[in-house]
Every structure is written in C-alpha cells, then in structure tokens.
1. Report, in debye and to the nearest 20, how large the dipole of the chain comes out about its Cα centre when Lys and Arg carry +1 and Asp and Glu carry -1 on their Cβ.
2. Using a 1.4 Å probe, what is the accessible area per residue for segment 66-207, in Å²?
3. May I ask what percent, to the nearest 5, of DSSP beta bridges between residues of segment 42-198 are antiparallel?
4. Give the longest segment of the chain that steers clear of GluC sites (Glu not before Pro) in DSSP loops with at most 16 neighbouring Cβ atoms within 10 Å, not counting the sites themselves.
5. Glu112 to Asp193: FRET efficiency via 1/(1 + (r/R0)^6), r the Cβ-Cβ distance, R0 45 Å, to the nearest 0.05?
6. If I compute solvent accessible area with a 1.4 Å probe over the protein chains, what percent of it on the chain is carbon and sulfur?
7. Based solely on its DSSP helices, what 222 nm [θ] is calculated for the chain when runs of n ≥ 4 H residues each add -39,500 (n - 2.57) and the sum is averaged over all residues, nearest 500 deg cm²/dmol?
8. (1) 1.05; (2) 0.97; (3) 1.21: which one is Cα Rg over 2.2 N^0.38 Å as calculated from this entry?
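The values are calculated or read from the model by the stated rules, or taken from the named source; none is laboratory data. Predicted, not measured: the structure shown is a model, and the values here were computed from it. Quick reminder, even Gly has a Cβ in these numbers, built from the backbone with ideal geometry, and neighbours come from all protein chains shown. Remember, those area values only see protein heavy atoms, side chains included, never the ligands or the DNA or RNA. Shrake-Rupley method; radii C 1.70, N 1.55, O 1.52, S 1.80 Å.
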Amino acid sequence: MPVNPAKDATTMDRIAEVTRSTNETQIRVRVNLDGSGQARLATGIGFFDHMLDQIARHGLIDLEVSCEGDLHIDGHHTVEDVGITLGQAVAQAVGDKKGLTRYGHSYVPLDEALSRVVVDFSGRPGLHQHIPFTAGMIGQLDTQLVFEFFQGFVNHALVSLHIDNLKGINAHHQCETVFKAFGRALRMALTLDARSAGVIPSTKGSL
C-alpha cells in the first residue's frame, strides 16, 4: 500500500508493498512495520528465507517476500534485489519519521557467536560491515552476498547501518546472530515514541 505523504507515522498504518521487475528478478515485498512477526517467504534460497524470517520475527515486522530470480546463474541478483526492494518498502512504510525513535541497536548471541547491529534512520545511506565468515557457503547462500543484501537495503531505506560479528566459529551462527540483531535493532529504531509524537527526531528538523 503506497504511503500517503499527507499523513505522518503516528496517524497511518505503516504498511507498504513494492514490486520490482528486471531481466534478472521479479520481486514483490510487503511489510507491516507494526505487525507481529509473521512471514511468508519464497526467494528460492532456503537459508536466505530463514534469515529473512529472523528479521520478521525479531523485528515484529509482518513480511512477505516472493522472488523469481536467475538462480541458474547464482544467487547474487536474487539476494541483492530483495535487499533493494525491502529497503524501498521500509522507506515507504516509515513515512515522514515524525515520532520515530530513529536509532536502534542490539547484541545477539547464538552459542559461540555474538553480533552487534546499530541502525540510524538518518536519511543518509551508509553500510559498515565486519563479518569474518568462516565458510563461503551456508546451504545455498554465498556468504559474500550478505554484504550485497545489506548494501541494497541501506541504499534504498536511507539508513546508516553498522554490523559487527564480534565472535563466531560456525558460519551459520555468525549469520543468524547478524540477522536476529538486525531485526531487533530495526524494532527499536522503528518504535514510535509517544513523548516525541509529531516531532522529527533531528535538530535539523528533517531526515
């Protein structure tokens, strides 16, 4: 559902649906930022679906993602373009950012792995990522594509995002802690603050 620019985040349903069609991928993403963590996911890459489910569940975002991509080549276009489309949907759903908490952070452990994610809905895209993956593939997901997913997201959600895997031996655990922490950081940043209702959280007066 397209955002009505005449409304602010405190008076509208924070829901958006975006489609993206190229010669490489056909994607539909729908988000409800005030959901309960429900997800319907079909990207053709099982482990990637599992990671998107972490964003929904831990971010309390209802998320639908369907993608038909050129997986006969590899997963690059699918993963990157889902990141782009998700970023566009979140940017639409978030509205004008009045009353937004704006900043979010989370530390998440999983056995030996520990990751930290910090996000700022600043209106300025920037990604700083350090994940020393111990394997090149997790299931059918090339671990190099984790960066491409988040780069696509930040460029279109217009956020600053810092991702650090602080510890980890098992690549599955490394990746899962990152996506869980990302979901929880989004949840914090996207929360509406009743004390600043109607106010854009910036001394500039705009984001």
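1. Dipole magnitude for the chain comes out near 940 debye.
2. Numbers: 6200 Å² over 142 residues.
That works out to 44 Å² per residue.
3. Numbers: 18 of 24 bridges.
If I count the DSSP bridges inside segment 42-198, around 75 percent turn out antiparallel.
4. 113-207
5. Result of the calculation: an efficiency of 0.80.
6. Numbers: 4650 of 9330 Å².
So the carbon and sulfur contribution to the accessible surface is 50 percent.
7. After summing the helix terms and dividing by residue count, I get -10500 deg cm²/dmol.
8. Recomputing Cα Rg over 2.2 N^0.38 Å here picks out (2).
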